[in-house]
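Enquirer: Have a look at this one before I ask anything.
The values are calculated or read from the model by the stated rules, or taken from the named source; none is laboratory data. This is a predicted model, so every value here is computed, not measured. Using ideal geometry, Cβ is built from the backbone for each residue, glycine included, and neighbour counts are taken over all protein chains shown. Surface accessibility is based on the protein's heavy atoms, side chains included, excluding ligands, DNA and RNA. Shrake-Rupley method; radii C 1.70, N 1.55, O 1.52, S 1.80 Å.
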Amino acid sequence: ADVADFATLLSTYSEGIPKFAIILEPNGTAIPGITDPVIQLACLDSSLAIAPLFKRFGSVIITSGTLSPIDLYPKLLQFEPRVSESLNMSTFRPCIRPLVISRGSDQVAVSTKFDDRGDMGVVRNYGAMLVELCASIPDGVVAFFTSYSYMESILSEWDAMCILRQLSKHKLVFIETKDVVETTLALDNYRRACDSGRGAVFLSVARGKVSEGINFDRHYGRAVIMFGVPFQYTLSHVLRARLEYLQTHYQIREQDFLNFDALRQASQCVGRVIRSKTDYGLIIFADSRYNRADKRSKLPKWILQFMHDSYLNLSTDTAIQHVKQFLRLMGQKIDQEALQSVLLPVEKIESLADESSSELNMEGMLTESNTVVS
């Protein structure tokens, strides 16, 4: 049955431009060092997934907090947008504080670039940064790493440096694994630690289970830390085939797509921390590359609206001062009048619904009239 399904998929799009490719991955995984050869049918054109929706419906609204940069989506999904708009977040207070930490307290630059990730100075600075942040931030903190292999290697080094022991003095430490059951249990215990007032830090991976659909609202996520820029594993045969396809058929440059994909994933991770109008949280970008305009400009508008120049290119000790100042500000009593000013009352929503219904009825009458006349 599996072979039949494979053959059916292979023949579905046999005409025109080949949109699928049969790819042999010698390692069978994006994790270096693991050998598990596998042959797979890879879709190279993401527009195939949404094409049936465009064909069935006359109007389609695509909305998300990570549609950035917004001009690349029409190319990837092959459609011409009638309206394309990126909106600010409507807030009654500066509930997000994005900080770019590019240096440790010793002024050594930090980054997860391949050439730097093995540098013990970078590893030590990342560890000291996490300890200091967890000592200053109450309740829950979520930290994302660029891959499982990098998280495992840096945790091993932190353990040897006694950094994990220092970290556990401030918060309980939980780690995402590839096992769904283990990760679910860790999440439950993480929330229990936050509820009890002990506080916890959850160490997870971009593109993992936690980064996609788990919310860390309220005290479960007072800060999220993104260690590095989560680029895909560029030696993957599937990724190489897709990059070649996008370059050949849609004129999307390789580096443009890789930057877009990495920053979209970073936005997906840090967006876990803010989930309502009264929520607040810190967003820490811990990599010197976020200082570059070509990287930073690809972040969503709801992050950029709070990212002032004074929050860029910080050292760890300077960032801690910003953290404490932000938490003092958010600790003040909520101004209910200001909160109501950014919320629509029930009466307003009902009146808008009535107006929309009337307009739809009018359009229906005009359509019928036109049909009769023609």
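Enquirer: What does the accessible area of V83 come to, in Å² to the nearest 10, when a probe of 1.4 Å is used?
Expert: Probe radius 1.4 Å; accessible area of V83 about 120 Å².
Enquirer: Right, next: What is the set of long-range amide H partners of S105 at a cut-off below 5 Å, with H atoms built 1.01 Å from backbone N?
Expert: Under 5 Å from the amide H of S105: T316, D317.
Enquirer: What FRET efficiency would be calculated for the residue pair I50, S297, taking the C-beta separation as r and a Förster radius of 25 Å, to the nearest 0.05?
Expert: Calculated value: 0.45.
Enquirer: Another question, if that's okay. Nearest 5 is fine: what % of DSSP beta bridges in the stretch 94-210 come out antiparallel, could you say?
Expert: Close to 10 percent.
Enquirer: Springs between alpha-carbon atoms under 10 Å, Gaussian network over the chain: tell me which of Q305, Q336, Q247 tops the mean-square fluctuations.
Expert: So, out of Q305, Q336, Q247, the one fluctuating most is Q336.
Enquirer: Quick one: the Cα spread of the chain along its three principal axes, in angstroms, biggest first?
Expert: Computed over the chain, the largest-to-smallest principal extents equal 79, 61, 39 Å.
Enquirer: Could you check how much of the accessible area of the chain is carbon and sulfur, as a whole percent, using a 1.4 Å probe?
Expert: 54 percent
Enquirer: Right, next: Could you sort out which of K171/K298; K178/K298; K113/K333; K301/K348; K75/K324; K171/K277 sit more than 31 Å apart by Cα distance in this structure?
Expert: K171/K298; K113/K333; K75/K324
Enquirer: How large is the helix-only mean residue ellipticity at 222 nm for the chain, computed as the sum of -39500 (n - 2.57) over DSSP H runs with n ≥ 4, divided by its residue count, in deg cm²/dmol to the nearest 500?
Expert: Mean residue ellipticity, 222 nm, calculated: -14500 deg cm²/dmol.
Enquirer: Amide H neighbours of V205 under 5 Å, counting only residues 5+ apart in sequence or on other chains, H built in-plane at 1.01 Å?
Expert: F145, V210, S211
Enquirer: Could you tally the net charge around V100, taking each other residue with its Cβ under 15 Å from the Cβ of V100, Lys/Arg +1 and Asp/Glu -1?
Expert: +3
Enquirer: Please list 3J(HN,Hα) in residue order for the stretch 321-327, calculated via the Karplus relation 6.51 cos²θ - 1.76 cosθ + 1.60 where θ = phi - 60°; whole Hz, with x for glycine and proline.
Expert: Karplus-based 3J(HN,Hα) across the stretch 321-327 equals 5, 5, 4, 5, 5, 5, 5 Hz.
Enquirer: Check which residues have an amide H placed less than 5 Å from L99's amide H, if you skip close sequence neighbours.
Expert: Excluding prolines and chain starts, which carry no amide H, the hits are I283, I284, F285.
Enquirer: Give the distance, in whole Å, between the Cα centre of the stretch 82-140 and the Cα centre of the stretch 302-341.
Expert: 14 Å
Enquirer: Here's a follow-up. If you count only protein heavy atoms with a 1.4 Å probe, what accessible area per residue comes out for the stretch 122-279, rounded to a whole Å²?
Expert: Averaged over the residues of the stretch 122-279, the accessible area is 40 Å².
Enquirer: How much of the DSSP bridge set in the chain is antiparallel, in percent, rounded to the nearest 5?
Expert: 20 percent
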